[in-house]
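Written below as structure tokens is the structure these notes are about.
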Amino acid sequence: MSRFILFAAYIVLSVSALAQKTDTTGFEGFKAVKLAAHQNLVKTSLFPFLVGQIPWCGEARFTYERMITHNQSFLAGFSYNYPNPILLLSSLVYNTSFKQYSLRGARGMLGYRIYPFKKSTAPEGFFTGVYLSYNFVKVKERNGNGDYFSFNYTNASAVAGYQMYLGENFYGEAFGGIGYRYNFIRAYDASTGQSSAQEYYLLRGLKNVKFVLQVNVAYAF
């Protein structure tokens with residue numbers, strides 16, 4: 001019996017060695033998973049604080065970018081709208097008080113990006129993407145009867161740009177693009193409880209054309 005066990009072990013080891021020599025699968029082991037240089041970025045820009053998307057408003061705008069693969073990311077943004085310094089300055093120049101009016105609003109944004117070139121380590125490098133956003137501000141008299149009107153901006157855009165690593169976990173980005181927009185003003189009459197909406201645009205030929213241009217700085221972690 002012991003001789004049979006030794007002979008069987010010899011056959012098993014011989015077959016195993018032969019299989020290793022004649023392996024034609026080409027398997028070389030699992031490749032290392034590619035990871036982004038940084039997974040999270042929080043972004044803002046100084047310019048919107050002074051002049052936002054909606055006239056007479058400044059925007060406290062912040063965007064969060066989350067890498068979901070080594071070269072793709074998801075973005076979500078939020079802005080708070082308020083009277084901008086230009087509006088406040090004009091009230092002094094023309095001796096007009098805007099304190100009797102409330103001007104407040106917000107913006108929400110969702111986006112997706114892809115960094116197509118493997119030679120660059122995302123989130124650094126060239127990127128393309130899409131953005132969806134909704135922005136509004138409501139204007140009403142503080143001690144009025146409840147009447148108000150609101151600016152409403154809806155946008156869908158395709159963009160392209162570049163994000164650069166600045167060192168010490170800081171990035172800078174610039175991007176531009178074009179898309180579709182639908183902007184309207186809604187007026188509400190408190191005495192009747194009725195509201196009406198009218199499309200809003202500056203140039204009739206470009207009323208539904210959205211141009212995008214942003215420059216931001218980001219902190220990564």
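Readers should treat all values here as calculations from the given coordinates under stated rules, not as data from a laboratory. Keep in mind that this is a model prediction, so the values were computed, not measured. All Cβ positions, even for glycine, are placed from backbone atoms using ideal geometry, and neighbour counts span all protein chains on display.
In terms of the Cα gyration tensor, with a ≥ b ≥ c the square roots of its eigenvalues, is the range 136-181 rounded because a/c is under 1.5, prolate because a/b exceeds b/c, or oblate?
oblate
From the phi of every residue in the range 131-142, what ³J(HN,Hα) in whole Hz does the Karplus formula 6.51 cos²θ - 1.76 cosθ + 1.60 yield, where θ is phi - 60° and glycine or proline is x?
10, 10, 8, 9, 10, 8, 9, 10, 10, 8, 7, 4
What is the sum of charges around S157, taking Lys and Arg as +1, Asp and Glu as -1, for the other residues whose C-beta is under 14 Å from the C-beta of S157?
+4
Once you have a ≥ b ≥ c as the square roots of the Cα gyration tensor eigenvalues for the range 147-211, tell me rounded if a/c is under 1.5, and otherwise prolate or oblate according to whether a/b is larger than b/c.
Cα axes put the range 147-211 in the oblate bin.
Using only Cα atoms, what is the ratio of the radius of gyration of the range 174-221 to 2.2 N^0.38 Å?
That works out to 1.80 for the range 174-221.
Which of K119, K99, K138 has the fewest other C-beta atoms within 10 Å, and how do the rest follow up to the most?
Listing K119, K99, K138 from fewest to most nearby Cβ atoms yields K119, K99, K138.
GluC sites (Glu not before Pro), restricted to the range 114-184: which are DSSP loop and have at most 13 other Cβ atoms within 10 Å?
E168
Return the sequence-ordered ³J(HN,Hα) values of the range 192-209 in whole Hz as given by the Karplus equation 6.51 cos²θ - 1.76 cosθ + 1.60 applied to θ = phi - 60°, using x for Gly and Pro.
Going residue by residue, I get 9, x, 9, 10, 9, 10, 9, 4, 10, 7, 8, 10, 4, x, 10, 5, 10, 9 Hz, with x marking Gly and Pro.
Please compute the Cα-Cα pair-distance distribution of the range 47-187 with 5 Å bins starting at 0, giving whole percents from short to long.
Calculated over all Cα pairs of the range 47-187, the distribution is 2, 9, 15, 18, 16, 12, 10, 7, 5, 3, 1, 0, 0 percent.
Taking every pair of alpha-carbon atoms in the range 106-221, give the share separated by more than 24 Å as a whole percent.
45
Past 28 Å, Cα to Cα: identify those pairs from K99/K207; K99/K210; K43/K138; K140/K207, in the order given.
Those over the limit are K99/K207; K99/K210.
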